[in-house]
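Asks: Please see the structure below; I have some questions.
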Amino acid sequence: MSSVLITGGAGYIGSHAVLAFRAAGYETVVLDDLSSGRREAVPGDVAFVEGGAGDRALVSRVLQDHGVAVVVHFAGSIEVAESVADPLKYYRNNTCASRSLIQACVEAGIGRFVFSSTAAVYGMPDEVPIPEEAQTRPINPYGTSKLMTEWILRDTAAAHEGFAYAALRYFNVAGADPEGRSGEDHDPETHIIPLVLQTALGQRAHIKIYGDDYDTPDGTCIRDYIHVTDLAEAHVLALRHLEGGGATAVLNLGNGEGFSVRQVIETARRVTGRDFEVLTAPRRPGDPARLVADPARARALLGWAPKRGELETQIADAWRWHQSHLG
């Protein structure tokens, strides 16, 4: 039986994708160097190979040994601020490693590839909600490194008949597996919902709001939050689209609705039943006031619709996981 190779499958999103693909009946194999992922996030009965997605010789062996028919690529570095401080790391881990992985796929005759991209490719958008046709003008090396990988995939598909891909541009991923099997555990943590929950647990003295003078209803930034389980299920649908002969696609994955930083904080207070200190700090450079997806194309092409779009649901799932694993 052919397998799905999931790179970065020990990470936050990748581990949820493993659960989704298994639930859909796919045989899976995980490749992860554990630089940021957790071995325990991968179920014990899933084939696991420790190593990097940029190791072409290793990838080639894995593709052959496990009868891989499709690759779902999550592995990479994800922190915007770190990408500004260490851009070469991001071009190595994201762009160069992806290029080696894609080459191994072409050489092995693998014609279906699902790529974990990001809304950071849009930079400071001119229109919100953001459609896929919006100009791609990333403002940091993280976004640029992901966009460059999209270009590599585009050009590879043009040059190699039978190679098709789906590039999925994520907005803000949140939540945890509703059954408590996996959740978000970055070190260091930079995402707002786990930071707020850590504050609720007493693991942080306070939470900071970076800027309260934006042109938004409450003055704080607005973001589109998508539940990680909904996101993982979209990857299964993207693969089925390709398996059914569907054409290459670039798709936004978001709810199409935005929530402000203050809404996140107040919702977390309600869900956790705990109060905590909130401080206001200056704006961070490069933070747009609003980032909200137009997900219409994914809904139409994949038949995908988020099932856990409510902010309270996302925070409640994350809270249960944080309490049981990190509390």
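Asks: Give me the number: length gained by fully extending T248 to E266, i.e. 0.36 nm times residue separation minus the C-alpha to C-alpha distance, one decimal in nm.
Replies: Contour length minus Cα-Cα distance gives 2.4 nm.
Asks: Can you tell me the order of 128-136, 257-265 when each peptide is scored by its average per-residue count of other Cβ atoms within 10 angstrom, highest first?
Replies: Sorting 128-136, 257-265 by mean packing, highest first, produces 257-265, 128-136.
Asks: What accessible area per residue, rounded to a whole number of Å², is obtained for the chain using a probe radius of 1.4 Å?
Replies: 42 Å²
Asks: Grab the DSSP H runs of the chain that are 4 residues or longer, score each as -39,500 (n - 2.57), total them, divide by all residues and round the 222 nm result to the nearest 500 deg cm²/dmol.
Replies: It comes out at -11500 deg cm²/dmol, rounded to the nearest 500.
Asks: Report the calculated FRET efficiency for R38 and Q64 (r = Cβ-Cβ distance, R0 = 25 Å), to the nearest 0.05.
Replies: It comes out at approximately 0.40.
Asks: I'd like the distance between the alpha-carbon centres of region 12-87 and region 261-327, rounded to an integer number of Å.
Replies: 25 Å
Asks: Largest first, what is the accessible-area ranking of T313, T280 with a 1.4 Å probe?
Replies: T280, T313
Asks: With a 1.4 Å probe and all protein chains left in place, how much of the accessible area of region 1-111 comes from carbon and sulfur atoms, in whole percent?
Replies: Here it works out to 50 percent.
Asks: Still on this structure, I have one more. Towards the positive end of the charge dipole of region 187-241, with charges on Cβ (+1 Lys, Arg; -1 Asp, Glu), say which of H235, P217, A200 has the farthest Cα.
Replies: H235
Asks: How big is the antiparallel share of DSSP beta bridges in the chain, given as a percent to the nearest 5?
Replies: On the way: 3 of 43 bridges.
Expressed as a percentage, antiparallel bridges in the chain total about 5.
Asks: What is the angle, in °, between the Cα long axis of helix 261-272 and the longest principal axis of the Cα atoms in the chain? Nearest 10 is fine, range 0 to 90.
Replies: In the chain, helix 261-272 runs at an angle near 90 degrees to the longest axis.
Asks: For region 56-209, give the magnitude of the charge dipole about the Cα centre (Cβ charges: +1 Lys/Arg, -1 Asp/Glu; no others), in debye to the nearest 20.
Replies: 300 debye
Asks: In addition: Round to the nearest 0.05 the FRET efficiency obtained for D287 and E312 when R0 = 25 Å and r is the Cβ-Cβ distance. Kindly include the intermediate steps, with their values, before the conclusion.
Replies: Numbers: r = 24 Å, r/R0 = 0.97.
Efficiency, from the Cβ-Cβ distance: 0.55.
Asks: Which value, in debye to the nearest 20, describes the size of the charge dipole of the chain about its Cα centre when Lys and Arg Cβ atoms bear +1, Asp and Glu Cβ atoms bear -1, and nothing else is charged?
Replies: It works out to roughly 160 debye.
Asks: Taking a 1.4 Å probe, which of R56, R270 shows the most accessible area, and what order do the others take after it?
Replies: I get R270, R56, largest accessible area first.
Asks: Still on this structure, I have one more. So which aspartates and glutamates pass the test for K89, namely a Cα distance under 20 Å, with those fewer than 8 places away in the same chain ruled out?
Replies: In chain and number order, the partners are D32, D33, E50, D55, E79, E150, D187, E189.
Asks: Rounded to whole Å, give me the distance from the Cα center of region 206-255 to that of region 154-202.
Replies: 9 Å
Asks: Ok, one more. Can you give me the % of accessible surface on region 255-296 that is carbon or sulfur? Probe 1.4 Å, all protein chains present, nothing else counted. Kindly include the intermediate steps, with their values, before the conclusion.
Replies: On the way: 1030 of 2240 Å².
Carbon plus sulfur share of accessible area: 46 percent.
Asks: Stretched out fully, how many nm does the piece from H325 to Q103 gain, at 0.36 nm a residue minus the Cα gap?
Replies: Numbers: separation 222, 0.36 × 222 = 79.92 nm, distance 3.84 nm.
Contour length minus the Cα-Cα distance gives 76.1 nm.
Asks: Could you tell me which residue out of G246, N172, A158 lies farthest along the dipole of the chain toward its positive end? Charges go on the beta carbon: Lys and Arg +1, Asp and Glu -1, centred on the Cα centre.
Replies: The one lying farthest along the dipole's positive direction is A158.
The values are calculated or read from the model by the stated rules, or taken from the named source; none is laboratory data. Model, not experiment: these values are computed from the prediction. Counting neighbours? That spans all protein chains shown, and the Cβs are built from the backbone with ideal geometry, glycine included. Remember, those area values only see protein heavy atoms, side chains included, never the ligands or the DNA or RNA. Shrake-Rupley method; radii C 1.70, N 1.55, O 1.52, S 1.80 Å.
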